[in-house]
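Taking it in order: structure first as structure tokens, then the write-up.
The values are calculated or read from the model by the stated rules, or taken from the named source; none is laboratory data. All values reported here derive from a predicted model rather than from experimental measurement. Cβ atoms come from the backbone with ideal geometry, glycine included; neighbour counts cover every protein chain shown. SASA here: full protein model, heavy atoms, side chains in, ligands and nucleic acids out. Shrake-Rupley method; radii C 1.70, N 1.55, O 1.52, S 1.80 Å.
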Amino acid sequence: MSDVARFYDDLAHHYHLLFESWEASIARQAEIWGRLLEREIGPGPHKILDAACGIGTQLLGFAAAGHDVTGSDLSPAAIRRAKHEAAERGLEVTLRVADLRMLSGYHAGPFDAVVALDNALPHFETREDLTAAVREMASLVRPDGLFIASVRDYDRLAAEKPRVSEPRVFGGGADRRVVFQVWDWRRDGRGYRIHQYILQHEPDGQVTTRVFTTTYWSWGHKELDEVVAGAG
């Protein structure tokens, strides 16, 4: 997973640029996931583990909504950024660097909910590693609690093998930036190298191009269902 850690270490300082408004996305996702939590396990506040928290896109919203939030991530730089963002907002959260496959060595459960969002699970190449990660998360959920993972629809994507995402253009003039991804697929559709581009216009008229690269593995619905069911 060192390739993944490097990807998010390199991206941590720039991650907010992937959104038109990162602050608006934090609030929107807090509302969406908050409604799901309330529907499935009742009104909060809840004790939540964000097991792939990154720089805090979901974690900060959970904490602002009053939940008792713990977060961890494989990337030390992402955790440093999340700590800074939480402190800037006056939010009390517990944050540490941890591998999804060894969570129980870092966190004391049970949690009302454990989440792994924004396509975190497809970084695992082997079913053995994917199973280990899901079992670790399952071990930290209370018996009637909730596990949430968000994953791209790889049943469709592996068949279509798209090469590039639609560019998104944010801002204007000297503040304009363009964000898009290029995907280099394996012939068998099993996975792809992702190249995340951020093109940013600078005040002096120059354009800064940043590229961040890692690998995703295209786990389909059936495989994911089997792994999650096997973890209980």
Of those in the stretch 101-119 that are farther than 18 Å from residue 54 by Cβ and of a type in the set (Gly, Ala, Ser), the residue nearest to the chain's Cα centre (by Cα) is 104
Some residue of the stretch 30-42 being over 20 Å from residue 146 (Cβ atoms) and in contact with a strand residue (DSSP E or B) (Cβ under 7 Å, 6 or more places away or on another chain): no
Go through (1) farther than 30 Å from residue 171 by Cα; (2) out of contact with any Ser or Thr (no Cβ under 6 Å at 6 or more places or on another chain); (3) at pLDDT 95 or above one by one and return the number of the condition residue 213 breaks. (1)
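A quick yes/no check of all residues on (1) of a type in the set (A, V, I, L, M, F, W, C); (2) within 27 Å of residue 64 (Cβ to Cβ); (3) in contact with a strand residue (DSSP E or B) (Cβ under 8 Å, 6 or more places away or on another chain):
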position	(1), (2), (3)
102	yes, no, no
126	no, no, no
144	no, yes, no
147	yes, yes, yes
157	yes, no, no
Check off (1) in contact with a strand residue (DSSP E or B) (Cβ under 7 Å, 6 or more places away or on another chain); (2) open to solvent by less than 40 Å² (accessible area, probe 1.4 Å); (3) of a type in the set (Phe, Trp, Tyr) for residue 197 and give me the number that stays unchecked. (2)
Contact list, first residue from the stretch 101-122 and on the phi > 0 side of the Ramachandran plot, second anywhere and open to solvent by 10 Å² or more (accessible area, probe 1.4 Å), beta-carbon distance below 6 Å, six or more apart or interchain, is 119/151; 119/152
Cβ pairs under 8 Å, 6+ apart or interchain, first in the stretch 23-35 and within 15 Å of residue 117 (Cα to Cα), second open to solvent by 30 Å² or more (accessible area, probe 1.4 Å) and of a type outside the set (A, V, I, L, M, F, W, C), ordered by first then second residue, are 34/44
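Take the residues of the stretch 159-190 that are surrounded by 12 or more Cβ atoms within 10 Å (Cβ to Cβ), of a type outside the set (D, E, K, R) and on the phi > 0 side of the Ramachandran plot: which is nearest to the chain's Cα centre (by Cα)? Explain how you work it out, then say what you get.
Here is the first cut: in the stretch 159-190, the residues surrounded by 12 or more Cβ atoms within 10 Å (Cβ to Cβ) are 161-162, 165, 168-171, 176-186, 189-190.
Next, only the ones that are of a type outside the set (D, E, K, R) stay: 162, 165, 169-171, 178-183, 185, 189.
Next, only the ones that are on the phi > 0 side of the Ramachandran plot stay: 171, 189.
Values: 171: 24, 189: 22 Å.
Across the stretch 159-190, the extreme among qualifying residues is 189.
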Subset of the stretch 136-158 that is open to solvent by 40 Å² or more (accessible area, probe 1.4 Å) and assigned to a loop (DSSP other than H, G, I, E, B) - its residue that is farthest from residue 109 (Cα to Cα): 153
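Quick one: which helices (runs of 4 or more DSSP H) sit completely within the stretch 11-94 and have at least 2 residues that are open to solvent by 20 Å² or more (accessible area, probe 1.4 Å)? If you could, list the steps in order and put the result at the bottom.
On the way: elements: 22-41, 59-64, 76-88.
Because the criterion is at least 2 residues that are open to solvent by 20 Å² or more (accessible area, probe 1.4 Å), the helices (runs of 4 or more DSSP H) in the stretch 11-94 that meet it are 22-41, 76-88.
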Quick check: anything in the stretch 120-130 under 19 Å from the mean Cα position of the chain (by Cα), farther than 24 Å from residue 231 by Cα and surrounded by 20 or more Cβ atoms within 10 Å (Cβ to Cβ)? no
Kindly check whether there is at least one residue in the stretch 103-115 that is in a loop (DSSP other than H, G, I, E, B) and of a type in the set (A, V, I, L, M). yes
